[in-house]
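J.: Sharing a structure with you now.
Here, each number is a calculation from the coordinates, and none is a lab measurement. Just so you know, these numbers come straight off a predicted model, no measurement behind them. Because the Cβ atoms are built from the backbone with ideal geometry, glycine has one as well, and the counts that use them run over all protein chains shown.
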Amino acid sequence: MNNSQQRATAGRSQVRRAELIAIGRKLFADTSYDALSMDDIAKHAGVAKGLIYYYFKSKRGYYLAIVEDSVAGLVARAGDDTGLPRAERVRRTVDGYLHYAEHHHAAYRTIVTGGVGSDAEVLAIRDAVREELVAAIAEGAYGHRDLPPIARLALVGWLSAVEGTTLEWIGGSSAPDRPGRARLGALLVRQLRATLAVIEEFVPECPAPPPAEGAFEPADDLAPVTGSP
């Protein structure tokens, strides 16, 4: 097999693996890890069970690959636009986070709720993405990722609320009065600004950044910042 053929084979293999991850992401978002057997997964994927073992070695390996792939997508989306002013970067981080959840329901649920509650490696992956998101907010707010313990706790508390709010939001996507991403983003940014103000009271060396000029002011000025609805 020449180099061109090898590249083509590798490309097809990567595509097939990505397809299996996408299928598994939807399955695990709606069904617990323990409730799905490899036979169930293969049936839903329309492939031989051996193909899943070939790519992922085991059901646990398959699930870990799904979580890691989902995490990478969320972190990349939320951590974009690093060259912007601090307040605008915070705003875009929140909007990027919601954009990802809005367009990748299954992946978001996999990250936040998971399916293997007692698996230490899965929990470590989920904790790592939360740490990365807290660090991204800190960098946007303060220009650095290192946080005093009480400031970190405050941001972790805010992020925990964001996760619950976002799960509720994507779960009610068909509700007629469901707020759009821009309006929810405005709510979360205001809550974050309040959190940052409280942090400044406890940790004066972590001053809250001033709001971006015109950002989310007045309350009906809630246009998305990612350029897509």
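J.: What is the dipole size for segment 118-159, taken about its Cα centre, with +1 at each Lys and Arg Cβ and -1 at each Asp and Glu Cβ, in debye to the nearest 20?
T.: Details: 4 positive and 7 negative charges, 37 e Å.
It works out to roughly 180 debye.
J.: What length, rounded to one decimal in nm, is gained on full extension from Ala128 through to Glu168, with 0.36 nm per residue of separation minus their alpha-carbon distance? If you can, show how the numbers build up before the last one.
T.: Numbers: separation 40, 0.36 × 40 = 14.40 nm, distance 2.26 nm.
Difference between extended and current length: 12.1 nm.
J.: Sorting check: for 178-185, 60-67, which peptide has the highest mean count of neighbouring beta carbons within 10 Å, and how do the rest follow? Intermediate values should be presented prior to the final figure.
T.: Values: 178-185: 17.9, 60-67: 20.1.
Ranking, from highest mean packing down: 60-67, 178-185.
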